[in-house]
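First comes the structure, then the notes that go with it.
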Amino acid sequence: MFLFKKLFSSSIMPLSLSFLLLLGGLLLLWLSRRQKTGKVLATLGFLLLLAQGYGWGFESALRSLEREYPPVVGLPADVRWVVVLGGGTSSDMALPLHSRLSEASLARLVEGVRLYRQQAGAKLLVSGGRVFGSGADADAMQALAVQLGVNPADIVLDMDSQDTETQAQVIRQQVGAERVALVTSASHMPRAVGLFRQAGVEVLPAPTHYLEQSNAAFSPTDVFPDSDNFTEARRAVYEYMGVMWAKLRERW
């Protein structure tokens, strides 16, 4: 099921869908007499590609996700657990540790360490196992947290979880009824909060790693598509799909 979910979700991401539409359209135009259908498919593929490049619709969708919960400035006195969800790690051991962590994992860990330092006696729980040959998020985040000055005795590992739903269930067993500060990317936070609360974990959302950041001034480069917008489009669609899937399966 996990493999199928990953394959299916990747196939209907906006960029993948654009490629498939363009490919289908071009094949029909060059190899068949169904010229009208080929033109329609190619046009739809191009328009979807254009919408991603300029962020049409995707920017506002992502902003809605990322701004649902405010950032946490300081930890309340009753929060003793800081839970950091991994966001990807490379298994390339030739790279330095901080470079093996993905941008999301690195941002989440830094925020987690910041919150951990505010609370005497706090525990830093880092979560994420290996997925399809990648490195284990928890292992890499633990090692980097120690380099950043976190006491190794204060670090708790979840090396088994491969997705957010499993993380919620495993972490519920580790923290019991205690309230936790949940650190993850801002776009991922609404889905994570829903799954953790469904698992019985009381959370204080602590979002970080904001992708949608608008500048007030106009730049001449704004007339061209931006590669960052493709990332934002994928993230928005992925998270809304995740929320829908969780609700369909009554995991929300």
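Does Phe46 fit the bill of being exposed (fewer than 15 other Cβ atoms within 10 Å of the Cβ) and under 26 Å from Val223 (Cβ atoms)?
On the way: exposed (fewer than 15 other Cβ atoms within 10 Å of the Cβ): yes; under 26 Å from Val223 (Cβ atoms): yes.
Spelling it out, Phe46 is indeed exposed (fewer than 15 other Cβ atoms within 10 Å of the Cβ) and under 26 Å from Val223 (Cβ atoms).
Looking at the stretch 158-173 only, could you name the residues that are within 14 Å of Gly135 (Cα to Cα) and either of a type in the set (A, V, I, L, M) or not assigned by TED's automatic domain parsing to the domain that holds Leu85 (or both)?
The answer is Met159, and nothing else.
Matching residues to (1) closer than 30 Å to Ser18 by Cα; (2) among the aromatic types (Phe, Trp, Tyr); (3) within 18 Å of the chain's Cα centre (by Cα):
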{"position": "Leu157", "(1), (2), (3)": "no, no, no"}
{"position": "Glu165", "(1), (2), (3)": "yes, no, yes"}
{"position": "Leu195", "(1), (2), (3)": "no, no, yes"}
{"position": "Gln198", "(1), (2), (3)": "no, no, no"}
{"position": "Pro220", "(1), (2), (3)": "yes, no, no"}
{"position": "Pro225", "(1), (2), (3)": "yes, no, no"}
{"position": "Ala236", "(1), (2), (3)": "yes, no, yes"}
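Based on this model, can you work out whether Val73 counts as outside any helix (DSSP H, G or I) and closer than 17 Å to Tyr210 by Cα?
Here the answer is yes, as Val73 does meet what is asked.
Determine which single condition Lys39 fails, assuming it passes every other condition in (1) in contact with a Gly (Cβ under 9 Å, 6 or more places away or on another chain); (2) assigned to a loop (DSSP other than H, G, I, E, B); (3) surrounded by 13 or more Cβ atoms within 10 Å (Cβ to Cβ).
Of the numbered conditions (1) in contact with a Gly (Cβ under 9 Å, 6 or more places away or on another chain); (2) assigned to a loop (DSSP other than H, G, I, E, B); (3) surrounded by 13 or more Cβ atoms within 10 Å (Cβ to Cβ), the odd one out for Lys39 is (2).
Could you check Glu111 against (1) closer than 28 Å to Thr184 by Cβ; (2) assigned to a helix (DSSP H, G or I); (3) assigned by TED's automatic domain parsing to the domain that holds Glu232 and say which number it fails?
(3)
Just need a number here: residues in the stretch 116-149 that are aromatic (Phe, Trp, Tyr) and under 22 Å from Val203 (Cα atoms).
Residues flagged as aromatic (Phe, Trp, Tyr) and under 22 Å from Val203 (Cα atoms) within the stretch 116-149 amount to 1.
From the set of residues in the stretch 93-113 that are farther than 23 Å from Arg235 by Cβ and either of a type in the set (Asp, Glu) or without any contact (Cβ under 8 Å) to a residue 12 or more places away in the chain (or both), which is surrounded by the fewest Cβ atoms within 10 Å (Cβ to Cβ)?
Ala94
Test each condition in (1) hydrophobic (A, V, I, L, M, F, W, C); (2) modelled with pLDDT under 95; (3) over 25 Å from Arg235 (Cβ atoms); (4) touching a Gly at 6+ places or on another chain (Cβ under 9 Å) for Ala120 and report the one that comes out false.
(4) is the only condition that Ala120 fails.
The values are calculated or read from the model by the stated rules, or taken from the named source; none is laboratory data. It should be emphasised that the depicted structure is a prediction, and the values quoted were computed from it without experimental measurement. Positions of Cβ are generated from backbone atoms using ideal geometry, with glycine treated the same way; all protein chains shown enter the neighbour counts.
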